[in-house]
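The values are calculated or read from the model by the stated rules, or taken from the named source; none is laboratory data. Predicted model only: the values in this text are computed from it and were never measured. Here the Cβ is made from the backbone with ideal geometry for all residues, glycine too, and neighbour counts use every protein chain on show.
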Amino acid sequence: MSLLVVGTVAFDTIETPLGKEEKILGGAATYTSITSSYFTNPNIVSIVGHDFPNEYMQKFENHNIDLDGLERHETKKTFFWSGKYRSNMNIRDTIDTQLNVLEIFNPIIPEKYKKSNYVMLGNVIPSVQLKVLKQLENKSTLIAMDTMNLWIDNAYKDLIEVIKKVDILMINDQEIQQLQNSNNIEDAVEKTFLLGPSFIIVKLGSEGSILFSKNEKYVCPAVTIKQVVDPTGAGDSFAGGFMGYLCSTQKNSFENMKKAIHWGTVMASFCVQDFGTRNIMNLNKKKYLDRYSKNFN
């Protein structure tokens with residue numbers, strides 16, 4: 001079984017109340033690929049610039065991430081984002097965004113990826129997600145997507161088209177209410193199911209998440225962490241744990257998705273304990289198995 005991860009690979013500069021890190025490895029596809037690699041061997045489709053260091057390429061390869069779909073542009077720079085978190089860590093301000101290679105990102109899916117059994121469409125502009133979907137050839141592929149309020153505001157029509165074509169929508173509580181212009185999460189979920197997805201995961205930040213099917217609901221608590229250092233990438237790490245586990249088990253039932261959401265939660269909990277990808281880059285198997293067992297067995 002194979003997992004295809006589509007999204008951004010980036011440089012991030014991140015400031016939180018606990019410190020600041022300059023130009024570290026980031027991007028949705030980065031976090032998702034790394035955390036999913038503890039369960040399966042993911043394939044990544046993204047784009048970087050001429051300034052992307054080989055040492056970061058090596059980090060991907062060390063996690064058995066296939067890089068045939070990672071394009072390197074010869075003249076443009078890698079996507080860059082800078083943000084600063086406020087004291088409660090639930091609010092962040094974007095300081096700088098430099099699209100660079102993302103301005104010309106036209107994802108080309110390598111032939112060997114087109115029949116992927118599992119696909120994670122990371123948080124990129126919906127028009128790019130649509131281009132990926134048009135290239136897939138396996139009609140039984142399980143497709144999940146993530147999105148954000150920016151696309152609800154600025155790419156609504158394309159976003160709706162993507163949602164109609166996927167099996168799993170990952171979205172936070174405020175975003176799904178914004179999507180459906182509703183003050184009630186369950187009402188917004190019910191309306192979103194009418195678009196076509198079979199499962200919806202509503203992320204609640206430090207409160208955990210909720211897995212919905214059309215007939216069932218499962219509330220998953222968050223893993224309690226003594227100190228959150230950097231929330232960046234938590235949702236993408238969650239997606240990696242979730243999709244990586246599904247891919248490794250090849251079972252798409254609601255019961256198995258409950259286990260997958262546990263693994264997503266565990267991976268997200270490791271992510272927030274240090275800046276960027278530092279804590280998820282070299283996870284100890286015993287450590288993550290122990291955390292799973294302590295919280296979900």
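Exactly one residue among E111, E71 is without any contact (Cβ under 8 Å) to a residue 24 or more places away in the chain and closer than 15 Å to I44 by Cα, and that residue is E111. Of the helices (runs of 4 or more DSSP H) lying entirely inside region 241-297, those containing at least 3 residues that are within 18 Å of M145 (Cα to Cα) and touching a strand residue (DSSP E or B) at 6+ places or on another chain (Cβ under 9 Å) are 254-271. Looking at region 117-132, which of its residues are in contact with an Asp or Glu (Cβ under 9 Å, 6 or more places away or on another chain) and either among the hydroxyl-bearing types (S, T, Y) or under 22 Å from F275 (Cβ atoms) (or both)? G122, N123, S127 - these are the residues of region 117-132 that are in contact with an Asp or Glu (Cβ under 9 Å, 6 or more places away or on another chain) and either among the hydroxyl-bearing types (S, T, Y) or under 22 Å from F275 (Cβ atoms) (or both). Looking at region 214-236, can you tell me whether even one residue there is among the charged types (D, E, K, R) and under 15 Å from M148 (Cα atoms)? Within region 214-236, one or more residues are among the charged types (D, E, K, R) and under 15 Å from M148 (Cα atoms). Only one entry in T78, T40 is of a type in the set (V, I, T) and surrounded by fewer than 24 Cβ atoms within 10 Å (Cβ to Cβ), namely T40. Against the list (1) free of Cβ contacts under 8 Å to residues at least 40 places away in the same chain; (2) assigned to a strand (DSSP E or B); (3) closer than 18 Å to V119 by Cβ, the condition K20 fails is (3). Is it the case that some residue within region 214-230 is surrounded by 14 or more Cβ atoms within 10 Å (Cβ to Cβ), small (G, A, S) and over 24 Å from L195 (Cβ atoms)? Within region 214-230, one or more residues are surrounded by 14 or more Cβ atoms within 10 Å (Cβ to Cβ), small (G, A, S) and over 24 Å from L195 (Cβ atoms). Looking at L136, L121, L150, L130, just one residue is aliphatic (A, V, I, L, M), out of contact with any strand residue (DSSP E or B) (no Cβ under 9 Å at 6 or more places or on another chain) and at pLDDT 95 or above, and that residue is L130.
Among the criteria (1) of a type outside the set (K, R); (2) surrounded by fewer than 19 Cβ atoms within 10 Å (Cβ to Cβ); (3) more than 17 Å from E71 (Cβ to Cβ), the one L99 does not fulfil is (3). So, in region 89-108, how many residues would count as being assigned to a loop (DSSP other than H, G, I, E, B) and either acidic (D, E) or farther than 24 Å from G205 by Cβ (or both)? Looking only at that region, the number is 5.
Determine, yes or no, whether S33 is touching a Pro at 6+ places or on another chain (Cβ under 7 Å) and closer than 15 Å to R278 by Cα. Before you say what the answer is, go through the steps one by one.
Numbers: touching a Pro at 6+ places or on another chain (Cβ under 7 Å): yes; closer than 15 Å to R278 by Cα: yes.
So S33 passes the test.
Quick check on V128: is it of a type in the set (V, I, T), over 20 Å from H50 (Cβ atoms) and part of a loop (DSSP other than H, G, I, E, B)?
The answer is no for V128.
The set of residues in region 64-88 being touching a Ser or Thr at 6+ places or on another chain (Cβ under 9 Å), farther than 19 Å from F275 by Cα and assigned to a loop (DSSP other than H, G, I, E, B) consists of N64, I65. Do we have any residue at all in region 217-234 that's part of a helix (DSSP H, G or I) and either closer than 20 Å to N41 by Cα or in contact (Cβ under 8 Å) with a residue 24 or more places away in the chain (or both)? Among the residues of region 217-234, at least one is part of a helix (DSSP H, G or I) and either closer than 20 Å to N41 by Cα or in contact (Cβ under 8 Å) with a residue 24 or more places away in the chain (or both), which makes the answer yes. Would a scan of region 48-58 turn up a residue that is touching a helix residue (DSSP H, G or I) at 6+ places or on another chain (Cβ under 8 Å) and free of Cβ contacts under 8 Å to residues at least 60 places away in the same chain? Within region 48-58 (the criterion being touching a helix residue (DSSP H, G or I) at 6+ places or on another chain (Cβ under 8 Å) and free of Cβ contacts under 8 Å to residues at least 60 places away in the same chain), the answer is yes, since at least one residue qualifies.
Do you know which residues across region 176-222 are among the acidic types (D, E), farther than 20 Å from F254 by Cα and modelled with pLDDT of 95 or more? D187, the sole residue that qualifies.
Whenever a residue of region 257-272 is basic (K, R), its partners that are outside any helix (DSSP H, G or I), lying with C-beta atoms within less than 7 angstrom and at least six residues away or across chains, give the pairs K258/L211; K258/Y218. The listed residues are D146, D173, D153, D158, and the only one of them that is acidic (D, E) and surrounded by 19 or more Cβ atoms within 10 Å (Cβ to Cβ) turns out to be D146.
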